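The values are calculated or read from the model by the stated rules, or taken from the named source; none is laboratory data. Note that the coordinates shown come from a computational prediction; the quantities given were computed from them, not determined experimentally. Every residue, glycine as well, gets a Cβ built from its backbone with ideal geometry; the counts of neighbours run over all protein chains shown. Heavy atoms of the whole protein, side chains included, go into the accessibility calculation; ligands, DNA and RNA do not. Shrake-Rupley method; radii C 1.70, N 1.55, O 1.52, S 1.80 Å.
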Amino acid sequence: MKRAVVVLIAMACAFSAAHAQNYPSRLVRIISPAAAGGAADILSRVIAFKLSESWGQQVQVDNRPGAGGIIGSDVVAKAPPDGYTLLMAFTSHVTNPTLQPKLPYDTLNAFAPVSMVAVAPSVLVVHPSLPVRSVRDLIAFAKRRPGELDYGSAGTGTATHLAALMFSAMTGVIIEHVPYRGGAPALNDLLGGQVSLMFGNVASSMAFIRAGRLRPLAVTSARRAAVLPRVPTMAEAGLPDYEALAWFALLAPARTPGQVINKLNSEVVAILQHSDMKERLQALGIELMPSSPAELNDYIRAEIVKWDKVIKQLGITPKQ
């Protein structure tokens, strides 16, 4: 019996090693659980393009927006653990366990970390018709008209939502939340005047800021964004303890062979360290941050604990 078990283990290891050597031998999908046009989509497409070049094998982005990233994440959680279905996770990945206690997957045990990809600040933008030109103007306007202003977000629990909740909690203003199935549709409605403001990602907001179709009031990082040098930080605008960053990371289904995870990690890290990649994405306000799988695992676990405390302290619910 023991000999049979040893043989089976040896065969499994040999199969795993062979699988890793031949990987990838067919189409690889990166599931972006957000709408096209946002930072998660941009990063997914850049990495997919570079992996396709490196491997000579097609890597395709599949947008599955909705429910704060849960719909797309569930696709990956239930996919075969072979490295052919990957997830571009973002901030809501670590807030959903608290906001959505009946998730269709186990956040900590359904995924295998590959690498951290990037962090990015948001920018507080308003429709030009709103008669405010600074954060102080916005606070004063909102306090004169409590509940009249609304803001779009990429969905409940996303970085765009949490940034607005932090702003509301720190200033005492009342603004109504309008969640969307991703940052791009929220931005479209802001451009159309259906919502008043948004904590949008810098990458997708830049073109509209330059065209004068959106008015930037502040960025959510601790220092000014290089691409928006004239836009103050929230601290400079009067909220000294305010900082909110979005993060993005690549995950695979749990039980994906270690050799495949390591191959993916080495490829992604190499891509993110290219100088042209850094320059291209820094121009969009995105800072690349490659990591090891272990570092990403520790980060996700720490973020779940951190946001669990914040969400409970602020009394945030899925309907807010």
Close pairs from the range 64-86: first more than 24 Å from His161 (Cα to Cα) and in contact (Cβ under 8 Å) with a residue 60 or more places away in the chain, partner open to solvent by 40 Å² or more (accessible area, probe 1.4 Å) and charged (D, E, K, R), Cβ under 6 Å, at least 6 apart: Pro81/Arg255; Thr85/Arg29
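Tell me the residue from Arg213, Arg224 that is modelled with pLDDT of 95 or more, in a loop (DSSP other than H, G, I, E, B) and not aliphatic (A, V, I, L, M), please. Walk me through it before giving the result.
Details: Arg224 fails: modelled with pLDDT of 95 or more.
Every option except Arg213 fails the conditions.
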Selection from the range 231-273 of residues that are free of Cβ contacts under 8 Å to residues at least 60 places away in the same chain and open to solvent by less than 30 Å² (accessible area, probe 1.4 Å): Thr233
Unmet criterion (only one of (1) buried (at least 24 other Cβ atoms within 10 Å of the Cβ); (2) assigned to a helix (DSSP H, G or I); (3) modelled with pLDDT of 95 or more) for Gly152: (2)
Selected residue [touching a strand residue (DSSP E or B) at 6+ places or on another chain (Cβ under 6 Å) and either more than 30 Å from Glu176 (Cβ to Cβ) or free of Cβ contacts under 8 Å to residues at least 60 places away in the same chain (or both)] from Lys278, Lys309: Lys278
Single condition Val114 does not satisfy, out of (1) surrounded by fewer than 23 Cβ atoms within 10 Å (Cβ to Cβ); (2) among the β-branched types (Val, Ile, Thr); (3) assigned to a strand (DSSP E or B): (1)
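State all residues of the range 43-74 that are β-branched (Val, Ile, Thr) and open to solvent by less than 40 Å² (accessible area, probe 1.4 Å); if no residue qualifies, say none. Before the answer, list the steps.
Taking the range 43-74 first, the residues β-branched (Val, Ile, Thr) are 46-47, 59, 61, 70-71.
Those that are β-branched (Val, Ile, Thr) and open to solvent by less than 40 Å² (accessible area, probe 1.4 Å): Val46, Ile47, Val59, Val61, Ile70.
Kindly indicate whether Ala140 is small (Gly, Ala, Ser), modelled with pLDDT of 95 or more, in a loop (DSSP other than H, G, I, E, B) and surrounded by fewer than 21 Cβ atoms within 10 Å (Cβ to Cβ). Walk me through it before giving the result.
Details: small (Gly, Ala, Ser): yes; modelled with pLDDT of 95 or more: yes; in a loop (DSSP other than H, G, I, E, B): no; surrounded by fewer than 21 Cβ atoms within 10 Å (Cβ to Cβ): yes.
Judged against the criteria, Ala140 is not a match.
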Residue check for Tyr105: buried (at least 17 other Cβ atoms within 10 Å of the Cβ), over 21 Å from Val310 (Cβ atoms), of a type in the set (Phe, Trp, Tyr) and touching an Asp or Glu at 6+ places or on another chain (Cβ under 7 Å): yes
Meets criteria (in contact (Cβ under 8 Å) with a residue 12 or more places away in the chain, among the aliphatic types (A, V, I, L, M) and either touching a Phe, Trp or Tyr at 6+ places or on another chain (Cβ under 7 Å) or open to solvent by 40 Å² or more (accessible area, probe 1.4 Å) (or both)) for Leu284: yes
Tabulated pairs, the range 216-230, first more than 17 Å from Tyr242 (Cα to Cα) and open to solvent by less than 90 Å² (accessible area, probe 1.4 Å), second aliphatic (A, V, I, L, M) and outside any loop (DSSP other than H, G, I, E, B), C-beta under 8 angstrom, 6+ apart or interchain: Val227/Val202; Val227/Met206; Leu228/Val123; Leu228/Val202; Leu228/Met206; Leu228/Ile209; Leu228/Val219
Tabulated pairs, the range 19-44, first in a loop (DSSP other than H, G, I, E, B), second of a type in the set (Val, Ile, Thr), C-beta under 6 angstrom, 6+ apart or interchain: Tyr23/Val260
Residues of the range 11-41 classified as under 30 Å from Thr160 (Cβ atoms) and either modelled with pLDDT under 95 or not basic (Lys, Arg) (or both), total: 13
